[in-house]
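J.: Handing you a structure now.
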Amino acid sequence: MPGETDRTALQPGVIGAGDLLQITVYGEKELTGLYQVSPEGLIVFPFIGDLSVTGMTNFSLAERIAERLREGFVRDPQVHVLVKEFNSRRIFVLGQVKNAGKFTIIHEMSIVEAISVAGGFTNFADINNVVVTRKDESNKEIRYVLNMEEILAGKVNNFYLLPGDIVFVQERFF
């Protein structure tokens with residue numbers, strides 16, 4: 001259904017491609033640092049090599065790193081993982097909004113919330129013609145044209161965004 005949120009992709013702490021991780025191994029300064037998740041969903045960690053991290057939580061990744069380090073590299077590793085930037089969960093809001101830009105979805109975000117975090121509509125916004133562009137599994141673009149007036153009035157359901165969505169608020173013709 002259009003606008004349905006893929007809840008597994010938006011669970012708190014779930015790591016995705018492009019995310020920036022702060023990994024701390026207490027007492028091991030050489031292992032502590034920032035790690036960017038590759039487009040393939042991998043990080044390269046000292047002593048361990050390539051680790052597939054997409055879909056893991058920060059807690060499960062910390063445990064996996066600790067397990068691997070116990071295999072002869074560090075006696076009792078204490079590992080902490082913090083997702084510093086959820087780059088895999090960005091949406092873009094453009095057009096006739098007060099503060100166009102990229103925004104991060106943490107749990108789930110509706111079209112109403114996205115417009116709100118972008119500062120709301122400008123005076124020139126065509127609120128009956130908001131376009132959301134989304135790529136499907138085959139990387140084909142799908143466009144949804146939304147009437148925000150009907151959504152705000154409760155006449156139609158709110159539309160929920162997914163990572164990578166582009167929201168474009170058209171300009172009204174007078």
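J.: Of the residues T104, T122, only one is out of contact with any Cys (no Cβ under 8 Å at 6 or more places or on another chain), of a type in the set (S, T, Y) and more than 30 Å from D50 (Cβ to Cβ); which?
T.: Of T104, T122, the one residue that is out of contact with any Cys (no Cβ under 8 Å at 6 or more places or on another chain), of a type in the set (S, T, Y) and more than 30 Å from D50 (Cβ to Cβ) is T122.
J.: Can you say whether I127 is outside the structural domain of L31 (by TED's automatic domain parsing) and either under 17 Å from the mean Cα position of the chain (by Cα) or surrounded by fewer than 15 Cβ atoms within 10 Å (Cβ to Cβ) (or both), as far as the supplied structure shows? Please lay out each step first, then the result.
T.: Working: outside the structural domain of L31 (by TED's automatic domain parsing): yes; either under 17 Å from the mean Cα position of the chain (by Cα) or surrounded by fewer than 15 Cβ atoms within 10 Å (Cβ to Cβ) (or both): no.
For I127, the condition - outside the structural domain of L31 (by TED's automatic domain parsing) and either under 17 Å from the mean Cα position of the chain (by Cα) or surrounded by fewer than 15 Cβ atoms within 10 Å (Cβ to Cβ) (or both) - is not met.
A quick yes/no check of all residues on (1) surrounded by 14 or more Cβ atoms within 10 Å (Cβ to Cβ); (2) more than 19 Å from the chain's Cα centre (by Cα); (3) within 21 Å of F86 (Cα to Cα):
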| residue | (1), (2), (3) |
| --- | --- |
| G101 | no, no, yes |
| I105 | yes, no, yes |
| R143 | no, yes, no |
| I151 | yes, yes, no |
| G154 | no, yes, no |
| F159 | yes, no, no |
| D165 | yes, no, yes |
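J.: Please go through region 22-31 and pick out each residue that is surrounded by 15 or more Cβ atoms within 10 Å (Cβ to Cβ) and farther than 22 Å from R89 by Cβ. So that I can check it myself, show each step before the final result.
T.: First, pick out the residues of region 22-31 that are surrounded by 15 or more Cβ atoms within 10 Å (Cβ to Cβ): 22-25, 28, 31.
Hits for region 22-31 are T24, V25, E28, L31.
J.: Please state which of the following conditions V81 fails to meet, knowing it meets all the rest: (1) farther than 19 Å from G16 by Cβ; (2) part of a strand (DSSP E or B); (3) of a type in the set (V, I, T); (4) not assigned by TED's automatic domain parsing to the domain that holds I166.
T.: Going through the list (1) farther than 19 Å from G16 by Cβ; (2) part of a strand (DSSP E or B); (3) of a type in the set (V, I, T); (4) not assigned by TED's automatic domain parsing to the domain that holds I166, V81 breaks only (1).
J.: From the list A114, A9, exactly one residue is modelled with pLDDT under 95, touching a Leu at 6+ places or on another chain (Cβ under 8 Å) and surrounded by 15 or more Cβ atoms within 10 Å (Cβ to Cβ). Which is it?
T.: Working: A114 fails: modelled with pLDDT under 95.
The unique qualifying residue is A9.
J.: I would also like to ask the following. Please go through region 32-78 and give me each residue that is buried (at least 18 other Cβ atoms within 10 Å of the Cβ) and either touching a residue at least 40 places away in the same chain (Cβ under 8 Å) or in the same structural domain as G164 (by TED's automatic domain parsing) (or both), ordered by number.
T.: Those that are buried (at least 18 other Cβ atoms within 10 Å of the Cβ) and either touching a residue at least 40 places away in the same chain (Cβ under 8 Å) or in the same structural domain as G164 (by TED's automatic domain parsing) (or both): V37, M56, N58, L61, I65, L69, V74, P77.
J.: Separate question: Starting from residues that are without any contact (Cβ under 8 Å) to a residue 40 or more places away in the chain and in contact with a Lys or Arg (Cβ under 9 Å, 6 or more places away or on another chain), keep the ones in region 143-170 and report whichever is nearest to A17 (Cα to Cα). I'd like the intermediate steps shown before the answer.
T.: Kept after step one, since they are without any contact (Cβ under 8 Å) to a residue 40 or more places away in the chain, are these residues of region 143-170: 143, 145-150, 153-156.
In the following step, the residues that additionally are in contact with a Lys or Arg (Cβ under 9 Å, 6 or more places away or on another chain) were identified as 143, 147, 149.
Numbers: R143: 24, N147: 32, E149: 35 Å.
My answer is R143.
J.: Within region 13-31, can you find the residues that are in contact with a Ser or Thr (Cβ under 6 Å, 6 or more places away or on another chain) and in a strand (DSSP E or B)?
T.: T24, V25
The values are calculated or read from the model by the stated rules, or taken from the named source; none is laboratory data. Because the structure is a prediction, the values reported are computed rather than measured. No Cβ is skipped: glycine too gets one built from the backbone with ideal geometry, and neighbour counts run over all protein chains shown.
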